[in-house]
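The values are calculated or read from the model by the stated rules, or taken from the named source; none is laboratory data. Since this is a predicted model, take the numbers as computed values, not measurements. Glycine gets a Cβ as well: all are built from the backbone with ideal geometry, and neighbour counts include every protein chain shown.
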Amino acid sequence: MIKSVNIGVWYMLFASFCFAIMGAFAKELSGSMDSLEVVFFRNIVGVIFIGITFLKMPVKQVGGKPFLLFFRGLMGFIALVAFFYNIAHIPLADAMTFSRTSPMFTALFAFWFLKEKLGRKEVVALLIGFVGMIFIMKPNGFQLELTDMLGLLSGVGAALAYTSVKELKKYYDTRIIVLSFMLTGTIGPLLLIVFNDFLHVEFLKATFIVPDFKMWVYIVGVGASATVAQIYMTKAYGIAKAGIVGAVSYSNILFSLIVGVLMGDAFPDLMGTFGIILVVIGGILVAKQK
């Protein structure tokens, strides 16, 4: 038991590091192309990978929830677009911290929609995490920056996607659930780019750019690091308790902070640092309770 926990922790640490590396590649790539195109290439690699698995292992499923499946894909796509836009425009650690609020929102949505219990300790953990978000955003009255709103959107969107997965797993092969997200994240950017002239939403506007050699290196880096991270994250949850590896997953923020500073990001100020710490504490407490 102890050995499996230790291995699970190491797997999650490695996965968290790979997610930070994925963020670094995405940040570099965003300097040459719009975030929406980065999302397209991030997902098309996943579609190809999952497609290959279908050839080796046919799908076995019940099905019957197409609208919920589409909802999962759409929410995941929206969250990813917001996340990648933030990676391009704010420090990597801040973007990662916003995305890591999803477990807290997931706990809330599971309470509201799935009638899961929310204990006193979990309520305290959520309050700690949400206070941390306020310190990170540093709102001017009731006004928030676009990146702050997108940061919240990345957390809320991912949480809605994760909440729907709990229900979808009763009806669909896991690969189909993931594919619903990947396909939406591949087709969605293409449609938005085609109708670019009719869009008036800044973070959804994009112009397609044919990648050069350097961009292709970054694209492969984003796809490979994200795939490896997903594999080892799945292994971690498979051999150790979810609460333990879920708490360890917050090391992703530390890795992202280090990588971001090495790439030229400014170190968070005192208020921002305190906010990150509170979000990590809140997220870890929620993970342990769940």
The listed residue being in contact with a helix residue (DSSP H, G or I) (Cβ under 8 Å, 6 or more places away or on another chain), more than 21 Å from MET75 (Cβ to Cβ), without any contact (Cβ under 8 Å) to a residue 24 or more places away in the chain and not in a helix (DSSP H, G or I), out of PHE267, PHE208:
PHE267
Which residues, taken from the range 235-261, are surrounded by fewer than 21 Cβ atoms within 10 Å (Cβ to Cβ), at pLDDT 85 or above and of a type in the set (Gly, Ala, Ser)?
SER251
How many residues are free of Cβ contacts under 8 Å to residues at least 12 places away in the same chain and not in a loop (DSSP other than H, G, I, E, B) if we restrict to the range 120-147?
4
Report, by residue number, each residue of the range 205-230 that is under 13 Å from ALA24 (Cα atoms) and small (Gly, Ala, Ser).
GLY221, GLY223, ALA224, SER225, ALA226
Pull up the range 48-95, narrow it to residues that are without any contact (Cβ under 8 Å) to a residue 40 or more places away in the chain and among the aliphatic types (A, V, I, L, M), then point me to the one that is surrounded by the fewest Cβ atoms within 10 Å (Cβ to Cβ).
LEU55
Failed condition for ASN6, given (1) within 24 Å of SER251 (Cα to Cα); (2) surrounded by fewer than 20 Cβ atoms within 10 Å (Cβ to Cβ); (3) in contact with a Leu (Cβ under 8 Å, 6 or more places away or on another chain)
(3)
Looking across the range 96-119 at residues that are polar (S, T, N, Q) and in a helix (DSSP H, G or I), the single one that is surrounded by the most Cβ atoms within 10 Å (Cβ to Cβ) is THR97
Has the range 51-64 got any residue that is hydrophobic (A, V, I, L, M, F, W, C), within 21 Å of GLY23 (Cβ to Cβ) and assigned to a helix (DSSP H, G or I)?
no
I'd like the full set of residues that are surrounded by 21 or more Cβ atoms within 10 Å (Cβ to Cβ) and either β-branched (Val, Ile, Thr) or under 20 Å from ALA95 (Cβ atoms) (or both), limited to the range 189-202.
PRO189
